[in-house]
Structure formats: C-alpha cells, structure tokens
Amino acid sequence: MALAPMIVGNWKMYKTRKEAEDFVRSLASLIGPVSRQVFIAVPFTAIQTASEASKGTSIVIGAQNMHDEEEGAFTGEVSVKMLQDAGARFVILGHSERRHIFHEDNAFIHRKVMRAIKHKLNPILCVGETQEERVMGKTHEVLLRQLEEGFKGIKGEEFVNVTIAYEPVWAIGTGKTATPQMAQEAHAICRGFLQKRGAPHVNILYGGSVKPETIRDLLAQPDIDGALVGGASLDVQTFANTIL
Ligand code: PGA
C-alpha cells in the first residue's frame, strides 16, 4: 500500500528559534490531523526548539546537512549524534546548494549517507541535473551517477527510511518548475535504479519551485511520492496550502 505523500519543507538559512517555534505551532493548528507526512528541515540552531514545539503534532523536524565523520577536529561542522541529540529525525544530504556552492562531491555525500544510515537518522538524498547537463542530453547519466555513487554498496533492506529527492538545479529557487511529465521521466529513472537495488518502494520527492498551485499535478504522477519545498515553505499559510 502506498504511504501518504511526504511534504518536506526546506527552510535553508532562514528563521530564528522564535520564528521557528511560532511557525511550527501555527502550522500544526492550520493543518490539524492531516493525510500527508509533514517534515521540516530547519537550521541547526532551531532544531531543538522546533522539535519541542512539534511534540504531539504530526510535524517531523530534521536537518539540512551534517558532516560524514562521527566526531573530530572539524571546526564549524555538526555530527549525526549532535543532530539526533537536538531532536532531528531526518537529514537532507547532497542538496544542490551543498554540491554547487560548497563543492561537495558524490564520495563525500556517500560517506554522509552511510553515517546517517548507521545511526538510523533518515537521509533524504538530493539528485538533479543542471540546465547545461539537460540541454546536452545528460540528465539520465547525471542522475544515475549521483544515485550509484551516493548509494554505493547499499541495497534492499538498507534502503528502509531512505528517501530520494529529484531536484533539477535549474528549477530551484527560479520559479521554473519542471512540468509534471519532465519530473515523471526523471523519477522513472530513479525508480529504475531503486528496482535494481531491490528497493522499489523508496519515496521519491520532486523539488524545485513547488507551490500550492503546482503540487497537485506533480503528485498525480505515478512515481512522484511527495515534494521538497523551499521558498513556499517559509510562509506558514503558503506551506499549509501546499500540504492540504
Ligand atoms: P525551491 O527550493 O522550492 O525554493 O525551489 C527547493 C529546494 O531547494 O529544496
């Protein structure tokens, strides 16, 4: 049986603790008991506050990144145990802003995925092609490389609680959503990869300028199991409209 669609907000570098707390309380009252799985990836500093505010609601709080090592001399980094201690239940890994602005490569992202799985912190691995790669007809190849390298050596049961997010880089924060057909084609590539790894039921989210007006047609596609929402997750009413 298919699970309820997963809607994941990604706040990026927005919101203080007070703003996060107010948002979580308002969202919980706006959406009530809902037939969606609702997640928010908040800044590190707001994880504890947001996770306390989410108690007794259907909202799940997580993080947007983490380091791959258990602990060590890595000034400014945050470990998996620190995230869990603060109350995070999932972590976004390999977001395109991490890949492109902070030059994270597939090998580093793979080590993070392994660390998260080891500690049972549910990872959401982001993959997606740039505009240039799409124009050059390389979408298929790029997605498969990111999936193969990101999930190197992982199969079957090890995919439990793992999620994939397909986010075309050209659609993130640009207002240009992929058409439902374009998104479905990319999701089918991800699904094919998962089938080969013996994990066909892993959720695959679409991300990139998702809004209340565009989400329904995206979720109607057979291989789109939810959405990763950036800009439209910052305003509580807009995010509630995206969820409902
Ligand atoms: P966007 O961001 O919805 O603002 O395009 C999506 C994301 O980066 O996860």
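What follows is calculated from the coordinates using simple rules that are stated; it is not laboratory data. Keep in mind it's a predicted model, so treat the numbers as computed, not measured. Heads up, the Cβs are rebuilt from the backbone with ideal geometry, glycines too, and the neighbour counts pull from every protein chain shown.
Distances between placed amide hydrogens fall under 5 Å for Q37 paired with M6, I7, all partners being 5 or more residues away or on another chain.
Normalising the Debye intensity of the chain to I(0), with uniform scatterers on Cα atoms only, and taking log10 at q = 0.09, 0.14 Å⁻¹ returns -0.34, -0.88.
Computing FRET efficiency as 1/(1 + (r/R0)^6) for T179 and E71, where r is the C-beta to C-beta distance and R0 is 51 Å, gives about 0.70. Between M82 and I101, residue separation times 0.36 nm minus the direct Cα-Cα distance comes to 4.5 nm.
The simple spin-label model puts a point 7 Å past each Cα toward its Cβ; for V135 and S26 those points are separated by 4.0 nm.
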